[in-house]
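Structure record follows, encoded as structure tokens.
The values are calculated or read from the model by the stated rules, or taken from the named source; none is laboratory data. None of these values were measured; they are calculated from a predicted model. A quick note on method: Cβ atoms are made from the backbone with ideal geometry, for glycine too, and the neighbour counts reach across all protein chains shown. Note: accessible area is taken over every heavy atom of the protein model, side chains too, but ligands, DNA and RNA are not part of it. Shrake-Rupley method; radii C 1.70, N 1.55, O 1.52, S 1.80 Å.
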Amino acid sequence: MTPTTRNISPFLDPGPRTKANSLAILQLSRDNLLPVYLQPPTGEHDGYAEGAVVNTRYGSFPHSTMLNVPWGSQIRASKVDTGSRGRKRKREGVDDACREATGAAEKENEDSPAATNEDSATAVKKAVADASGFIHILPPTPELWTTSLPHRTQVVYTPDYSYILHRIRARPGSVLIEAGAGSGSFTHASVRAVYNGYPAEGERKGKVFSFEFHEQRYHKMKKELSDHGMNRLVHLTHRDVYNGGFLVDGKSPEADAVFLDLPAPWEALHHLSRRRPQTPLNGNAAPTENDQTEWVSPLNPKKSVHLCTFSPCIEQVTRTVSAMRRLGWVDIDMVEIANRKLHTSRERVGLNLNFDRGVNNSARDVEEALTRLVDIESRFREHAAKPRDGDEDMDSADEDEPAVVKGDGPTNGGQAPSAEETAAETAPWMEGRLITRGEPEIKTHTSYLVFAVLPMDWTEEDEAAAAAKYPLGKEQKVIGAIDKVARKQERREALQKQQGAGNRKARRKERDTKMGEAAA
Amino acid sequence: MHSVIRPNAWVALKLPSGSTKVLQIAPNTAISLGKYGSFPSNLIIGRPYHLTFELLDKLPDETFSRLRVVTTNELYAEVFAEESAPDCATPAAGASDTVISATDGEEFSLVDDKGNVIARSNREVIDENARQTLTQDEIEELKREGNNAGKDVIAKLLLSHTALDQKTSFSLAKYKLLKTKKYIRRFQVLPIDVATFAHWQLEERDASKIMDLRAEMIGLVGCWGNVHFGGDDVLLQDPKASTAAGDEACLPVDEDLLRGRWLVVDDTCGLLVAAMAERMGVLYEGEEAEAEGETEQPPASTENSQEPQTSTSPPERTPKDADTEMTDAPADSVKRQSDGKPKQQKPRPSDFSIPYSQTNTITVVHGASQPNLSLLNYWGFDITSPNHPPHPLLNHLLNLTWLQLLKPELDTSYSTAPLTAAPETLASWKPSRRGNFHRKRRRYARIRHVVDNTRAGNFSGLVCASTMDPISILRHTLPLLAGGAPVALYSPSVEPLAALADCFSVPRRTAWVSGSVPEIEGLSNEELERWQGNERFPLNPTLLQGVSIQTSRARRWQVLPGRTHPLMTERGGADGYVFTAWRAKPAEGKVAAKGKFKRRKVDSEATTPTPA
């Protein structure tokens, strides 16, 4: 029943090291991520002697250097001949020179585990380290995938889906319906949320039932899911849910939570009822064959179901909420998520700092400005006080001017106390004040999220059964908001009891008993 | 889980005033809602969550109110009336006939008066007190009489308001809402899950206790920490060590079995741990058993159903045992208390058997000698309790102090060798002394296991919400993380996180890898991973990648026909920030990154190759 380790999706358990034929995320720079399916070294690939190669602005990275290394590893670029692919190799000599030059690096590569699996592929040219740059190789997570996936539609980003999954109570073991699979970012995040092991035959485990209307997107998504080892965790259906509903092979998925990323959620909502809606919501959406057969609800009959719809426009929200109210959803709540990323940097302001980028060369504070003004003033006075001869005034003024400017540098530097401090001990990365500021461009609106809950169906018979099981008339105590007199009385009684039964051990025992009862 | 309200379950009662009461619903008690009245708890036990109940008027011979389920048609009657009003744009009004018909035909009597009210200008100023002809005494009198769950009071209040017809539809709606909140006797029962609980703790209780951890932040921290179900339980084989055996008989750490473990520093009294446990499927117990209702022999709970591949589970947690625990509840648990252990065929585990799973665990590092996880009590878990009744957190929650993690040799309980005694000697002792002997040996074995396993590292992620300086936390926890493991730190304010992010700033990292730092020269990668920091480099800046700080805020809206807008006020206070990054494994030696520029051929010849 437990699948062998190799079948587990790298999103759910990547293992300690990178593996062939598995997804890895290459981090080129902070926000520049590249998803790559690592290929085993099987000889020349696409003209590259090293096998499959990833080319980036930080250099070339043969897959062989990224296989079987610990996740998170920093990978050096390799010297890869990208120019002469397919053509006759002209630059043989150059290549040899490189090889010689990087002999030391090559030796190190031999020691690294990446280079040790050569027996399997003798034909593959061994990679040679290059100084052009490096990348980091990260295990795939829904967050990394969301920022690096190939966009097919608008993507549900992490700030939204993290909040949604929390609110719709997607937990290990939940069954979730997602309509509008789109680019799959929400699908991956929800698989992680509901995953509690791969299901054995006929076993109910956490699962995502995903519906996609667009055929091409459906096929791409299907491929992606199998590449990511999520085949058995996601049931993807190609269907128009407005008309087709949410049943899978005529059976109910018994969903605990629903996420609708559709242009018109209200047209799909009537399928998500406990009982057959008396007449279909839309005249055209009347599946006639359903009328004869028994109507099956796609929802879990034993639980309250949580729903979230994701719509960018307020008009969509109004219609959705209106439909929700009529279909018996409660706790309807609409929110909008505003997420901001913050950058930290060092802000350096001062007159005597160098002219690096990002340095503001104006006075650091009033004192510094004052010192400078006094300085200028005094020199001006000095200059004015200089005795001058009438005939050479024009020339001397011209000569004097640059002299003042020349003198400005050193005097200024000498006066400011800050210059000495910074120059002496502080490292350049510790100078200035630490500040945070937002990104240059922020997402101010993604979509409106409408949350709602549909309670269990509760009939007269259920109520009668519950009433028989928990009969009235044995009430002994009052809990909750009780008035002052009653509470005082209760406390007095408790105190007496405590004094009687006394010690810590007894109290602890009592608490254990209580918890035992609660647990049962 | 959370299908119907179980006896003794913790629930949240949502009252019309907007406030929430969190109660443990003991059977056979009366629940008082203050001014709204009281009702017997047995009237909600066994009923579904999220229904809206209304307190009915007391019958003449009863001292309590009975309850009635309020249909959604009733709840939304006003909105429906507004939508069907002629001048209101009603998007889904045409759909009104599709509604599942109300089983209860009772209508809110005011709707008819109201449906026709059209928007007016608010030229005439209305002073509410002046225009209300009912006196306070009269209102009190009305409340005392049978008053149809408060609706009569509201109706009378509105009808005796002399200027009602001068109100605009907006102010009328507001006035009515105000009076409804005050007098209507309705409530809703919500399950205590992390989302509901955190909201209540934040908005109505002590937000500082949970460090102002908002729902948005719980979601972000959980996702960026990649917290999820970490694999089926793997329990270690009982070593069956005799009581004469000491330290050497303890189970060694098997690093190959360790998977799906998260490291936590939690100063939110356990809310963060609860949120993570919820994401890992170890917070609620007997989930499936509950879903089965009261049927006999429910399937084993999720944790138990997965037979570990490598070993057997200890007797205490076998599925069979869990079942008996579920079915014949209170009587059995009392018995369990009285004789310490339930009667069972299987022999009790030896002192050195380890109850903890090797996978899917949460390891809490705490600053005091005991962790403060008091909020877990709401989910039936008390970390201070010995002989705890079964709970999934028991074998998935590990805790140790910073002392045990960093200087275990100074910790008495870790460094003192376990007591030993030959079986004959043991048999001659008094039961109490024998009990103490076993207890101490068990405790030793557990502490040793937790400390050694934690120090073995390779954690799948680090999640933090702590008042401690994050730099100091990372200094000691970064070496314990597996490569590529995510780090997610929450802080109510941005400053500590900014200072932390600054430790990984580009200039700092560049300086570090450039090789011009005298203090790290000649250190191996191993030593650099455990870099203890100095003023210039508080942390090894190459150990984290993708450092980023973010904040999120949900803005709530009111959605009503013709009156949709964001709420006017919301909770202020701390915004909350999340620091995220991934653990990197820096390459050995100096790494050059000069970029690839075509025109700088001269340069490439000049550079020396990367030294080994």
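For the range B:416-426, a residue qualifies if it is without any contact (Cβ under 8 Å) to a residue 12 or more places away in the chain and open to solvent by 70 Å² or more (accessible area, probe 1.4 Å), and exactly one does: B:Glu424.
For B:Arg455, the test of being over 18 Å from B:Trp224 (Cα atoms), open to solvent by 10 Å² or more (accessible area, probe 1.4 Å), within 11 Å of chain A (Cβ to nearest Cβ) and touching a Pro at 6+ places or on another chain (Cβ under 9 Å) is failed. When A:Gly206, A:Gly202, A:Gly180 are screened for being over 15 Å from A:Trp145 (Cβ atoms) and more than 14 Å from every other protein chain (Cβ to nearest Cβ), only A:Gly180 passes.
Taking the range A:207-241 as the region of interest, how many residues are surrounded by 20 or more Cβ atoms within 10 Å (Cβ to Cβ) and of a type in the set (Asp, Glu)? The qualifying residues number 2. Can you say whether A:Gly245 is on the phi > 0 side of the Ramachandran plot and touching a Phe, Trp or Tyr at 6+ places or on another chain (Cβ under 8 Å), as far as the supplied structure shows? Considered against the rule, which asks whether it is on the phi > 0 side of the Ramachandran plot and touching a Phe, Trp or Tyr at 6+ places or on another chain (Cβ under 8 Å), A:Gly245 comes out as no.
So for the range B:214-233 (the condition being surrounded by fewer than 21 Cβ atoms within 10 Å (Cβ to Cβ) and among the polar types (S, T, N, Q)), does at least one residue qualify? No, because not a single residue in the range B:214-233 is surrounded by fewer than 21 Cβ atoms within 10 Å (Cβ to Cβ) and among the polar types (S, T, N, Q).
Selection within the range B:575-588: residues that are over 24 Å from B:Gly222 (Cβ atoms) and within 7 Å of chain A (Cβ to nearest Cβ). The member of this set that is farthest from the chain's Cα centre (by Cα) is B:Ala587. Looking at this structure, is A:Arg169 among the basic types (Lys, Arg) and within 14 Å of chain B (Cβ to nearest Cβ)? Yes, satisfied.
Selection within the range A:146-164: residues that are surrounded by 24 or more Cβ atoms within 10 Å (Cβ to Cβ) and more than 7 Å from chain B (Cβ to nearest Cβ). The member of this set that is farthest from A:Gly244 (Cα to Cα) is A:Asp160. Residues in the range A:319-349 that are assigned to a helix (DSSP H, G or I) and touching a Gly at 6+ places or on another chain (Cβ under 9 Å): there are none.
Answer with yes or no whether B:Arg475 is open to solvent by 20 Å² or more (accessible area, probe 1.4 Å), charged (D, E, K, R) and touching a Gly at 6+ places or on another chain (Cβ under 6 Å). Yes, satisfied. Inside the range B:39-69, residues that are part of a loop (DSSP other than H, G, I, E, B) and within 10 Å of another protein chain (Cβ to nearest Cβ) make up a count of 11.
The residue that is farthest from B:Gly230 (Cα to Cα), among those in the range A:192-211 that are of a type in the set (D, E, K, R) and more than 23 Å from the chain's Cα centre (by Cα), is A:Glu201. Summed over the range B:1-44, residues that are among the aromatic types (Phe, Trp, Tyr), open to solvent by less than 20 Å² (accessible area, probe 1.4 Å) and touching a residue at least 40 places away in the same chain (Cβ under 8 Å) total 1. If you go through the range B:159-172 and keep only what is modelled with pLDDT of 75 or more and surrounded by 18 or more Cβ atoms within 10 Å (Cβ to Cβ), you end up with just B:Leu172. With respect to the conditions (1) more than 25 Å from A:Glu439 (Cα to Cα); (2) at pLDDT 90 or above; (3) crowded, with 16+ Cβ neighbours inside 10 Å, B:Val591 lacks only one, and its number is (2). Filtered by the rule that a residue be in contact with a Pro (Cβ under 8 Å, 6 or more places away or on another chain), more than 14 Å from B:Thr63 (Cβ to Cβ) and aliphatic (A, V, I, L, M), the range B:22-39 gives B:Ile25, B:Ala26. When the residues of the range A:440-462 are filtered to those that are under 14 Å from A:Tyr161 (Cα atoms) and among the aliphatic types (A, V, I, L, M), which remaining residue is farthest from the chain's Cα centre (by Cα)? By that ranking, first place goes to A:Val450. Residues considered: B:Ala155, B:Ala195. Of these, the only one that is at pLDDT below 90, out of contact with any Cys (no Cβ under 9 Å at 6 or more places or on another chain) and buried (at least 18 other Cβ atoms within 10 Å of the Cβ) is B:Ala155.
Considering B:Pro418, B:Pro470, the condition of being outside the structural domain of B:Ala368 (by TED's automatic domain parsing) and either within 18 Å of B:Ile354 (Cα to Cα) or touching a strand residue (DSSP E or B) at 6+ places or on another chain (Cβ under 7 Å) (or both) is satisfied by B:Pro470 alone. Filter the range B:540-574 down to residues that are more than 9 Å from chain A (Cβ to nearest Cβ) and assigned to a strand (DSSP E or B) and give me whichever is surrounded by the fewest Cβ atoms within 10 Å (Cβ to Cβ). Here the answer is B:His565. Cβ separations smaller than 6 Å between residues 6+ apart or across chains give the following pairs from the range A:194-220 residues that are closer than 27 Å to A:Pro263 by Cα and at pLDDT 90 or above to residues that are open to solvent by 40 Å² or more (accessible area, probe 1.4 Å) and acidic (Asp, Glu): A:Phe213/A:Asp240.
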